[in-house]
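Student: Structure below; questions to follow.
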Amino acid sequence: MMFSKGLEGVVAAHTAISHVDGNKGKLLYRGYDAGELARTKSFEEVAYLLLNGELPSNQQLETFTFELVKKRKLLSALDNVITSLPKELEIMDVLRTCISCLNPQTNWPPTKEEAIHLIALFPTIIAAWIRYENGEKPIKPDQTLGHVENYLYMINGEIPTNAHSSALTAYLILTMEHGMNASTFAARVVSSTESDLPSAICGALGAMKGPLHGGAPTGVLQLLDDVTSHAEGPEKLLRQKLERGEKLMGFGHRVYKTTDPRASALRDVLSSSGGEDHTLSKAVEVEKTATLLLAEYKPGRALHVNVEYYAATVMDALSFKSEWFTPTFCVSRVVGWCAHVLEQAEDNRIFRPDQEYIGVRER
Ligand code: ACO
């Protein structure tokens with residue numbers, strides 16, 4: 001038997017949901033290029049694709065959108081839970097607590113209907129908590145708005161601009177699914193015991209909360225602030241950081257050995273949306289300098305920009321607080337989790353890896 005720390009290189013499942021090619025810098029959802037989907041499709045269309053395997057017809061999209069809209073409402077039980085929680089909780093804890101309070105419709109196998117309910121509820125729970133924490137009344141979902149616009153509306157109480165909703169849509173589409181990452185694996189492990197869907201999603205939320213996984217792009221904003229306000233210019237400060245052995249936030253990736261395709265797609269969407277965005281132009285300039293310096297200081301390591309880097313500029317444009325970054329990531333990734341749990345149920349076998357005993361033999 002072989003031991004692989006962190007299960008690196010171990011194939012844990014067959015999947016037809018997404019394909020990540022780290023060498024070529026490609027991410028495919030059900031065979032479609034994720035960057036192309038982010039440029040041309042809505043949140044609802046891509047969520048449908050991941051859950052069902054095909055892009056929807058107009059009729060299918062209408063039905064799916066209607067189902068999502070119908071299930072957005074905050075259940076009164078959840079409203080009671082939210083208002084009884086201590087305000088110092090992190091949003092990820094609130095989200096996990098609310099999902100664990102849901103009464104599973106079926107225990108096994110999970111259904112698409114339940115998946116749609118969870119996807120619909122995530123933005124409502126997050127927005128309700130943000131308002132409650134701020135001493136404001138939650139805003140009821142607007143049935144006429146799309147999934148992403150409604151999320152922004154429930155947070156701010158205003159219909160978002162096109163530029164804001166399309167930037168967030170692109171980010172959410174690009175982060176909806178990413179192979180066998182820790183939270184997706186956690187969801188599949190829980191589900192493989194024939195446990196219910198909310199339990200599997202609670203497992204995934206627990207995994208996503210850790211800084212090694214759902215790490216927010218806060219560090220990137222800090223880096224951009226530091227380098228551009230440095231008296232001697234960005235290059236000097238970047239060199240100082242690398243000479244001190246510091247990591248540049250938003251660069252490097254375990255899987256991608258070239259530019260993370262989600263980062264370039266997000267940069268293109270943001271650049272083509274028009275208007276003056278200072279953080280974006282700052283980010284593009286710093287990316288160029290940092291990539292050259294990383295090649296100089298870390299030769300052979302293939303360090304390029306990752307999705308967190310441009311996610312930071314989206315969050316900045318939306319004036320999102322850093323505590324909202326990881327839960328917002330979950331608004332999209334819950335789709336990938338549900339798709340994987342449904343796939344796991346199609347041909348389930350309980351996960352039960354082995355261990356290698358290294359303790360005292362016999363006393
Ligand atoms: N800046 C400078 N050097 C780096 C960076 C970086 N951002 N990333 C990796 N390196 C260097 C390491 O110092 C190491 O150098 P060494 O061999 O001389 O010691 C080498 O490259 C390999 O780095 P590891 O940390 O071993 O690579 P690993 O694959 O384990 O880590 C990770 C990947 C965690 C993303 C890493 O690149 C990193 O910490 N980046 C900065 C944080 C970041 O941007 N995180 C978001 C990732 S994207 C996402 O999670 C959706």
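The values are calculated or read from the model by the stated rules, or taken from the named source; none is laboratory data. Keep in mind the model is a prediction, meaning the values are calculated, not measured. Cβ placement follows ideal geometry from the backbone for every residue including glycine, while neighbour counts extend to all protein chains displayed.
Student: Any idea which residue in the range 238-252 is surrounded by the most Cβ atoms within 10 Å (Cβ to Cβ), counting only those that are touching a residue at least 12 places away in the same chain (Cβ under 8 Å) and either among the hydrophobic types (A, V, I, L, M, F, W, C) or near the ligand (Cβ under 6 Å from one of its atoms) (or both)?
Tutor: Out of the qualifying residues, it is Gly250.
Student: Right, Thr291: of a type in the set (S, T, N, Q), within 19 Å of Leu223 (Cα to Cα), surrounded by fewer than 18 Cβ atoms within 10 Å (Cβ to Cβ) and touching a residue at least 12 places away in the same chain (Cβ under 8 Å) or not?
Tutor: So Thr291 passes the test.
Student: Something else: Just to be sure, is Lys282 within 16 Å of the ligand (Cβ to nearest atom), basic (Lys, Arg) and either closer than 17 Å to Met249 by Cα or surrounded by 17 or more Cβ atoms within 10 Å (Cβ to Cβ) (or both)?
Tutor: Judged against the criteria, Lys282 is not a match.
Student: Further question on the same structure: Report, by residue number, each residue of the range 203-223 that is away from the ligand (no atom under 13 Å from the Cβ) and touching a residue at least 60 places away in the same chain (Cβ under 8 Å).
Tutor: Ala204, Leu205, Gly206, Lys209
Student: Continuing with this model, one more query. Val314 fails exactly one of the following numbered conditions: (1) within 12 Å of the ligand (Cβ to nearest atom); (2) buried (at least 20 other Cβ atoms within 10 Å of the Cβ); (3) of a type outside the set (D, E, K, R). What is the number of that condition?
Tutor: That leaves (1) as the condition not met.
Student: OK, next. Applying the selection to the range 1-26, what residues are touching a strand residue (DSSP E or B) at 6+ places or on another chain (Cβ under 8 Å) and either assigned to a strand (DSSP E or B) or more than 23 Å from His253 (Cα to Cα) (or both)?
Tutor: The answer is Ser18, His19, Val20, Asp21, Lys26.
Student: Among the residues of the range 341-352, is any assigned to a helix (DSSP H, G or I), within 13 Å of the ligand (Cβ to nearest atom) and surrounded by 12 or more Cβ atoms within 10 Å (Cβ to Cβ)?
Tutor: no
Student: Can you pull out the residues in the range 241-264 that are of a type in the set (Lys, Arg) and assigned to a loop (DSSP other than H, G, I, E, B)?
Tutor: Matches in the range 241-264: Arg244, Lys247, Arg254, Lys257.
Student: Also, I was wondering about something else. Identify, from the list Phe325, Phe320, the residue that is out of contact with any strand residue (DSSP E or B) (no Cβ under 7 Å at 6 or more places or on another chain), closer than 30 Å to His147 by Cα and in a loop (DSSP other than H, G, I, E, B).
Tutor: Only one candidate passes the filter, namely Phe320.
Student: Could you figure out which of (1) without any contact (Cβ under 8 Å) to a residue 12 or more places away in the chain; (2) within 10 Å of the ligand (Cβ to nearest atom); (3) of a type outside the set (Phe, Trp, Tyr) isn't true of Val255?
Tutor: (1)
Okay, residues lined up against (1) part of a loop (DSSP other than H, G, I, E, B); (2) among the β-branched types (Val, Ile, Thr); (3) surrounded by 15 or more Cβ atoms within 10 Å (Cβ to Cβ); (4) at pLDDT below 95:
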| site | (1), (2), (3), (4) |
| --- | --- |
| Leu28 | no, no, yes, no |
| Ala38 | no, no, yes, no |
| Val46 | no, yes, yes, no |
| Leu50 | no, no, yes, no |
| Glu62 | no, no, no, no |
| Glu67 | no, no, yes, no |
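Student: Does the range 190-202 contain any residue that is within 16 Å of the ligand (Cβ to nearest atom), under 24 Å from Cys98 (Cβ atoms) and in contact with a helix residue (DSSP H, G or I) (Cβ under 6 Å, 6 or more places away or on another chain)?
Tutor: The answer is no; no qualifying residue exists.
Student: Specify the residue that is farthest from Val307 (Cα to Cα); the eligible residues are those in the range 194-231 that are of a type in the set (Asp, Glu) and outside any helix (DSSP H, G or I).
Tutor: Across the range 194-231, the extreme among qualifying residues is Glu194.
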